[in-house]
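Heads up: the structure comes next, in structure tokens.
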Amino acid sequence: MRFFHLSDLHLGKAVNGFSMIEDQKYILSQILELVRQEKPEAVLIAGDVYDRSVPSEEAVGLLDDFLAALSDLETEILLISGNHDSAGRLAFGGRLMRKNIHVSPVYRGKVEPVTLEDAWGPVDFYLLPFLKPALVRPWLPEEEITSYTDALAAAIRQMQPDPARRNVLLAHQFVTGAARSDSEELSVGGTDNVDASVFDPFDYAALGHIHGPQYVGRPGVRYCGTPLKYSFSELRQQKSVTLVTLEQKGSLTLRTLPLTPLRDWAEIRGSFEELTALETRGRFERVKGCYLRVVLTDEEDPINAAGQLRRYYPYLMNLDYDNARTRATSTPDAPVQPEKRPPLELFGELYALQNGRELDEEQRGYLAGLIEELQEECP
């Protein structure tokens, strides 16, 4: 059984004011070409299909075109919702779709496998949408669920995968030890961590949520990463599709198929004059078509620097300074953005400032649960 592992398409995403639709359309066409060349039996999409729970008309149309084209190539399509998706909206019409398109339903305590056959027999694929403890507790009241690991472990026990068969799980969670990127959504102070041991019953866990390709603990627990870069923390990542081959039980082979974006991401630095003067800006010709972070080294801020630079670098996304002033106050390469930090961490800092001591474990646990409840009510 050969299948593609994809995740985190984030269709409809905009980054620093730039719509990614054109880039996404380009990369999906490239993935379709790889499907034509490799002819996998299935394509797995492990969540965050859209970038928000109510996607734009353009994003919905793009997914529709992609799924229809995949279906025409006579490959099985298995798709789950991620934390950016609305599980209910994504699952709508799933039972009416073409027979080779399988969408995870809203979680209601039981996940039945989609079974595909090859020369070595059946392979059971379990489609598990993004889960939080609060989504699992009502359906499994007999289970003690206080953490994300508890929630996943309980949901997997209900599946009862047959250890004699080949089992594949699609999941969208943060596994402890995985390296994050800046473009990922942060949860409550690390409480979303799932221990990799919960995936032990599966020959392969096709994971989504983390944007950098990597495995956690063993090759069979893998994030394929995003097909496109969505932040400058991903600057040096080679985006790819993971091609998985399962033969007889216990045989697993992974291969990455590189993807080439419509526009790459790059960073350049220098003085305003170096970046704009005719005699020197030729050095930067190679990055003009890239999404760009510029670091200016001028001691004085040029007037309307971003506007002027965009005359030469139309895809300028970020403009930072590295000079005596910024070095005295911050680190230009690692800007701290409060909105990117977990709410529990921010509250902990405020509490320590006001009370002269850190939150204790009981307080942290109570607050983590409270924040999770609020996030459930206000997604």
### Message
As an exercise: evaluate D320 against (1) within 30 Å of P213 (Cβ to Cβ); (2) among the acidic types (D, E); (3) part of a helix (DSSP H, G or I) and give the number of the one condition it does not meet.
### Response
(3)
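Does S71 meet the test of being surrounded by fewer than 23 Cβ atoms within 10 Å (Cβ to Cβ) and without any contact (Cβ under 8 Å) to a residue 40 or more places away in the chain? Spell out the reasoning first.
Values: surrounded by fewer than 23 Cβ atoms within 10 Å (Cβ to Cβ): yes; without any contact (Cβ under 8 Å) to a residue 40 or more places away in the chain: yes.
So S71 fits the description; yes.
Scan S240, S271 and give me the residue that is outside the structural domain of D124 (by TED's automatic domain parsing) and among the polar types (S, T, N, Q). Walk me through it before giving the result.
Numbers: S240 fails: outside the structural domain of D124 (by TED's automatic domain parsing).
Testing whether each residue is outside the structural domain of D124 (by TED's automatic domain parsing) and among the polar types (S, T, N, Q) leaves just S271.
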### Query
Taking E58 and the conditions (1) of a type in the set (D, E, K, R); (2) in a loop (DSSP other than H, G, I, E, B); (3) surrounded by fewer than 16 Cβ atoms within 10 Å (Cβ to Cβ), which numbered condition does it fall short on, given that it satisfies the others?
(2)
### Query
Can you name the condition, by its number, that A206 falls short on among (1) hydrophobic (A, V, I, L, M, F, W, C); (2) outside any helix (DSSP H, G or I); (3) in contact with a helix residue (DSSP H, G or I) (Cβ under 9 Å, 6 or more places away or on another chain)?
(3)
### Message
Being part of a helix (DSSP H, G or I), without any contact (Cβ under 8 Å) to a residue 24 or more places away in the chain and surrounded by 13 or more Cβ atoms within 10 Å (Cβ to Cβ) is the filter here; which residues of the range 274-290 pass it?
### Response
E274
#### Entry: Per-region count, the range 5-24, residues more than 16 Å from the chain's Cα centre (by Cα) and within 29 Å of Y204 (Cβ to Cβ)
1
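Would you pick out the residues in the range 3-25 that are among the small types (G, A, S), assigned to a loop (DSSP other than H, G, I, E, B) and within 23 Å of H172 (Cα to Cα)?
First pass over the range 3-25, keeping only residues among the small types (G, A, S): 7, 12, 14, 17, 19.
Subsequent filtering for residues that are assigned to a loop (DSSP other than H, G, I, E, B) retains 7, 12, 17.
If the condition is that a residue be among the small types (G, A, S), assigned to a loop (DSSP other than H, G, I, E, B) and within 23 Å of H172 (Cα to Cα), then S7, G12 are the ones that fit.
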### Task
Of the conditions (1) in contact with a Gly (Cβ under 6 Å, 6 or more places away or on another chain); (2) exposed (fewer than 15 other Cβ atoms within 10 Å of the Cβ), E144 clears all except one; give me its number.
(1)
## Note on the structure
By residue number, the members of the range 10-31 that are crowded, with 17+ Cβ neighbours inside 10 Å and either small (G, A, S) or touching a Phe, Trp or Tyr at 6+ places or on another chain (Cβ under 8 Å) (or both) are H10, L11, G12, K13, V15, M20, L28, I31
### Query
Condition test on D320, is it touching a Pro at 6+ places or on another chain (Cβ under 7 Å), surrounded by 14 or more Cβ atoms within 10 Å (Cβ to Cβ) and free of Cβ contacts under 8 Å to residues at least 60 places away in the same chain?
yes
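Kindly provide the set of residues from the range 248-262 that are among the charged types (D, E, K, R) and modelled with pLDDT under 95, ordered by number.
Let us first name the residues in the range 248-262 that are among the charged types (D, E, K, R), namely 249, 255.
The one that is among the charged types (D, E, K, R) and modelled with pLDDT under 95: K249.
Per-residue answers, yes or no, for (1) part of a loop (DSSP other than H, G, I, E, B); (2) more than 22 Å from the chain's Cα centre (by Cα); (3) not charged (D, E, K, R):
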residue: G250; (1), (2), (3): yes, yes, yes
residue: P261; (1), (2), (3): yes, no, yes
residue: A266; (1), (2), (3): no, no, yes
residue: R269; (1), (2), (3): no, yes, no
residue: L292; (1), (2), (3): no, no, yes
residue: D298; (1), (2), (3): yes, yes, no
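The values are calculated or read from the model by the stated rules, or taken from the named source; none is laboratory data. No experiment lies behind these values; they were computed from the predicted model shown. Reconstructed Cβ throughout: ideal geometry from the backbone, glycine too, with neighbour counts over all protein chains shown.
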